[in-house]
Amino acid sequence: MDQTALQQVRAVPLFSGLTEEQLECIEPGEVIDVQPGTVLVTDGERYPFFFVVLEGEVRIVRDYDKQTVLMAIIKPGGYTGELTLLLDIPWPSTARVGKPTRLFRLSEEDFWRMLRLCSSLAREVFRSAAGKMRNLEGYSQQREKLASLGTMAAGLAHELNNPASAARRAAAHLRETSDKAQTLLCQLSKVLNRDQVHALALASQDAAERLARAPVLDQIERSDRADKIAAWLEERDVATPWDLAPTFVNADVDISWLDELAGKLPEASHANALSWVESRLNLKLLLTQVEQSTERIAELVKAMKAYSYMGQAPMQEVDIHEGIESTLTMLGHKLKGVTLVRAYDRSIPRIPAYGSELNQVWTNLIDNAIDAVNGTGRICIGTCQEDNQLVVEIVDNGSGIPVDVQSHMFEPFFTTKPVGSGTGLGLIISNRIVADRHGGEIEFESKPGETRFKVRLPVNCKNSHANLATNPAH
């Protein structure tokens, strides 16, 4: 490095206090000129250099779910790269030059030599790294929570849409069917006497009772019965016989039943009478659909409230199974093709815990398992009690976690997901919730075809109550 460049480097606040003897620690570095738009290093890349901005600027950005977020702008006198060198991790962000820029660059070896020789400079670098780590981790944790919330919201919206749409369709059909039934009844009142009206009412009641206890038929048998009834209705000039026939099949009504009813009524009334009975049955079916749909919506809302522990104290006696089940409901749209096996020990006791935070743990672990099996494999969730610990196991039959990756699973910003699709903090946050907040631990083992995560929580949390009170959530 020539004297002019050295003077420019010495003017940087980080180096301005160095003595002549200490200056040798930065002499191995080099000054480079970088053109606008140049990417110095990309997210997830290992690039062993420490940069100080002399002129221009370096923009630090990070991709979150296809959204590029500006994390910082390094102006002249600022520096970057110390975090990855100190922690020996890949860059958690992308560094891009925004305008003509001059940088001082120091290799990893010379960076560590600089810290050894210059204690005052080392303190400043450590202080700066700690601040950057807190800021980046804090922001990423918020993004992780928002991503989790987005997953839950998308799942809830998807799950709510189906019963809501079914209820809306049934309600619209109810209006049409009700109007049709009233019209038919008015027409029948003109041609039937009291005894015939009574016979028709009894037949309608009997059909409704048959509907309530009708057996489940396979598709072939259902189709065969519908064809026979439709042909019988068509012979008697009943309008849209192929639309009416399935309703009679659902009520376990056969040809002999129809013949018996027809024999009690005037021939001229057969079409309207049979259509009216079908309308009455259809009303019953539609009301059942509305009831089932609204019950499903109520179940989803209840699951959402249970998942978030809405309106309840942060720490309370919780049933782990309720939290897991509400989480599975929230993730239901992602579990459609997954074989889910439950192996619960329902005898395990409730434990004092932060329920909504534990649900975040279940969300992270189950969501990771779903990704591991590509949405089509097998996931087993089990609970048991070992000694004085409650154990939750989440096992998937995915390809497994590579051996060289396993030691990094709980490192900050480490993720096996594609760049931009994960924060690398899911397991870190989960581990803090389990360990710091509840005095438990998370362990895992993995091989091809089986990855097993175990969450251990103390049944008796007396020793952790102090932690719960003194260590606020991160």
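Stretched out fully, how many nm does the piece from Gln7 to Val341 gain, at 0.36 nm a residue minus the Cα gap?
113.5 nm
Kindly provide the trypsin sites (Lys or Arg not before Pro) of segment 272-368 that DSSP labels as loop, not H, G, I, E or B, and whose Cβ sees at most 14 other Cβ atoms within 10 Å.
Lys336, Arg346, Arg350
Full-extension gain between Ser407 and Arg116, please, as 0.36 nm times their residue separation minus the C-alpha to C-alpha distance. Please report the intermediate quantities before stating the final value.
Working: separation 291, 0.36 × 291 = 104.76 nm, distance 2.79 nm.
Stretched out fully, the Ser407 to Arg116 stretch lengthens by 102.0 nm.
What nm distance separates the two modelled labels at Thr183 and Asp387, each placed 7 Å from Cα along Cα→Cβ?
With each label point 7 Å from Cα toward Cβ, the separation is 7.5 nm.
Counting other Cβ atoms within 10 Å, which chymotrypsin sites (Phe, Trp or Tyr not before Pro) in segment 334-397 have at most 16 and lie in a DSSP loop? It would help to have the intermediate numbers written out before the result.
Details: sites: Tyr344, Tyr354, Trp362; in loops: Tyr344.
For chymotrypsin sites (Phe, Trp or Tyr not before Pro) across segment 334-397 that sit outside H, G, I, E and B with at most 16 neighbouring Cβ atoms in 10 Å, the list reads Tyr344.
Quick check: net charge around Trp112, other residues with Cβ under 12 Å of its Cβ, Lys/Arg +1 and Asp/Glu -1?
Details: positive: Arg113, Arg116; negative: Glu82, Asp88, Glu108, Glu109, Asp110.
Spelling it out: positives minus negatives among the neighbours equals -3.
Using the basic label-point model (7 angstrom from Cα toward the beta carbon), what is the Glu322 to Val459 distance in nanometres?
2.0
Would you compute, from DSSP H runs of 4+ residues alone, the mean residue ellipticity of the chain at 222 nm, taking -39500 (n - 2.57) per run and dividing by the full residue count, rounded to the nearest 500?
Counting only the DSSP helices, I get -17000 deg cm²/dmol.
Protein chains only, probe 1.4 Å: how do His158, His198 rank by accessible area, largest first?
Values: His158 85, His198 110 Å².
So the residues, ranked largest to smallest area, are His198, His158.
Keeping every protein chain present and rolling a 1.4 Å probe, give me the accessible area per residue for segment 242-336 in Å².
47
Can you compute the FRET efficiency between His333 and Arg46 using 1/(1 + (r/R0)^6), with r the Cβ-Cβ distance and R0 = 30 Å? Round to the nearest 0.05.
With R0 = 30 Å, the Cβ-Cβ based efficiency is 0.25.
Which length gain, in nm to one decimal place, applies between Ala157 and Arg127 when the Cα-Cα distance is subtracted from 0.36 nm times their residue separation?
Values: separation 30, 0.36 × 30 = 10.80 nm, distance 4.44 nm.
Gain on stretching Ala157 to Arg127: 6.4 nm.
What accessible area, in Å² to the nearest ten, does a 1.4 Å probe give for Cys186?
80
Could you tell me the calculated FRET efficiency between His198 and Glu221, based on Cβ-Cβ distance and R0 = 30 angstrom, to the nearest 0.05?
Details: r = 33 Å, r/R0 = 1.11.
Efficiency for this residue pair is about 0.35.
In the chain, what % of DSSP beta bridges are antiparallel (nearest 5)?
Of the beta bridges lying entirely in the chain, close to 90 percent run antiparallel.
If ligands, DNA and RNA are left out, what is the accessible area of Val341 with a 1.4 Å probe, given in Å² to the nearest 10?
40
Counting GluC sites (Glu not before Pro) as exposed when in a DSSP loop with at most 14 other beta carbons within 10 Å, what is the longest stretch of the chain free of them? Write out the running numbers ahead of the final one.
Numbers: sites that count: Glu20, Glu21, Glu45.
With a cap of 14 other Cβ atoms within 10 Å, the longest stretch comes to 46-474.
Suppose we keep just the alpha-carbon trace of segment 201-290; what are its Rg and Dmax in angstrom?
Rg then Dmax for segment 201-290, in Å: 12.3, 35.
Of all trypsin sites (Lys or Arg not before Pro) in segment 161-196, which ones are in loop regions per DSSP and have a Cβ with at most 13 other Cβ atoms within 10 Å?
Counting only loop positions with at most 13 other Cβ atoms within 10 Å, the trypsin sites (Lys or Arg not before Pro) in segment 161-196 are Lys190.
In segment 288-407, what % of DSSP beta bridges are antiparallel (nearest 5)? Don't skip to the end; give the middle numbers.
Details: 12 of 17 bridges.
So the antiparallel bridges in segment 288-407 amount to around 70 percent.
Computed from these coordinates, which is percent of Cα pairs over 38 Å apart: [x] 17; [y] 31; [z] 52?
Checked against the structure: label [z].
The values are calculated or read from the model by the stated rules, or taken from the named source; none is laboratory data. Owing to the predicted nature of the structure, the values given are computational and were not obtained by experimental measurement. Every residue, glycine as well, gets a Cβ built from its backbone with ideal geometry; the counts of neighbours run over all protein chains shown. These accessible areas exclude ligands, DNA and RNA; they are computed on the full protein's heavy atoms, side chains included. Shrake-Rupley method; radii C 1.70, N 1.55, O 1.52, S 1.80 Å.
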